[in-house]
Amino acid sequence: METWFIHSLIGVVAIGIMMALFKVPVAKGHNKYAYSFLSLLVATLLAGILFKNSVHFNSTVILFASMWGALYALLSMLQMQMLKRLDTNALFPITSLGSHTLVVILGITFFHDKMSPLQGIGVIATFLLVGFYNYNHKHITFRNGLLGGAIGIVLLSALSKFIQKFAAISVELNNFIFWQLFFATIAAFLILIVAERKDLKQGMRFNAGIVMWGALLGVLNFVGTTEITTALSTGPFSLTYTINCFYILITSLVAWRFFGEKLTRQKIIFIFLSIGTIIMIGLG
């Protein structure tokens, strides 16, 4: 079994649990801006401690890391905002499929991945599956104001993945992991200041609950980011993110168990069809 595959599997477990914890601000009444900042701060501190011998200033690393950090912080905030009105098992399968389709296109265009007939069928099936599911459930529409947010998540996710892959094969790995988390923390802090500028003291209030959940999210964020970036350094772009898309199953199960989200028969079928489509795209 190749090492990039093992790193991908570890990463997808961490990310699956992490994405479920994006529901914490809604479920526990915590400030999502402070929660995101705290979690990224914990992840950065872990990276600084574990990779301290690799951390140094490099202009190329700083460029890639700052772009990824800004995109990731915005993406996390947007996902938490959308989860105010949607369950994880309603939002993430749709955005994951859309993002993965763009990843395939980016892989073909920039990393010379070739699309097989099976992958072509998978891309078409993606649009049909997402369209049919969303039409049936009316989760994301222009009318309810969620379509723009979903499109934003797909675009931010795909672009951040592209930058992460390009950096993983171009610069020193552990140094990049530290700086990407560092800049994500800076971006989350700036978002916190802007969002809570009228009552910054209230926004910056950290009780025991938010510290505990934020620290747990930070540990998972560090593990997920490290493992996926490591997998991308040697593994194929499309295959690595195909495995990564399995997080939607883990996220749905964790959110069902700990946050009381409903798993209807239709949602379960859609989750497994989503995974099947993703496999078709990635392994075709």
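Couple of notes before you dig in:
- A simple charge model with +1 on the Cβ of Lys and Arg, -1 on the Cβ of Asp and Glu and nothing else charged puts the dipole of the chain at about 900 debye relative to its Cα centre.
- Nearest-0.05 FRET efficiency for residue 58 and residue 105, computed from C-beta distance (R0 25 Å): 0.25
- Residue among 43, 73, 183 farthest towards the positive dipole end of the chain, charges placed on Cβ: 73
- Once both labels are positioned 7 Å from their Cα atoms along Cα-to-Cβ, the gap between residue 269 and residue 50 label points is 4.1 nm.
- Size of the chain: Rg and Dmax of its alpha carbons, in Å, are 18.1, 56.
- FRET E, pair residue 9, residue 195, Förster distance 45 Å, beta-carbon r, rounded to 0.05: 0.80
- Carbon-plus-sulfur accessible fraction, the chain (probe radius 1.4 Å, protein heavy atoms only): 70%.
- In sequence order, region 243-249 has phi-based couplings of 5, 4, 5, 5, 4, 4, 6 Hz under the Karplus curve 6.51 cos²θ - 1.76 cosθ + 1.60, θ = phi - 60°, and Gly or Pro positions carry x.
- Lys/Arg +1, Asp/Glu -1 at C-beta; the chain dipole; positive extreme among 60, 145, 170: 145
- Euclidean distance between Cα centres, region 10-56 to region 245-282, Å: 22 Å
- Peptides 38-48, 253-263, 77-87, 213-223 ordered by average Cβ neighbours within 10 Å, highest first: 38-48, 213-223, 77-87, 253-263
- Listed cross-link partners 32/84; 84/267; 23/267; 161/262; 32/267 are compared with a 21 Å cut-off, the Cα-Cα value being larger for 161/262; 32/267.
- Computed over neighbours whose Cβ is under 15 Å from that of residue 268, the net charge equals +2, Lys and Arg +1, Asp and Glu -1.
- Each Lys or Arg adds one and each Asp or Glu subtracts one; over the other residues with Cβ under 15 Å from the Cβ of residue 229, this totals 0.
- Average accessible surface area per residue within region 144-189, 1.4 Å rolling probe, Å²: 33 Å²
The values are calculated or read from the model by the stated rules, or taken from the named source; none is laboratory data. All figures in this text were calculated on a predicted structure; none of them were measured in a lab. Cβ atoms come from the backbone with ideal geometry, glycine included; neighbour counts cover every protein chain shown. Just the protein is used for accessible areas: all its heavy atoms, side chains included, with ligands, DNA and RNA removed. Shrake-Rupley method; radii C 1.70, N 1.55, O 1.52, S 1.80 Å.
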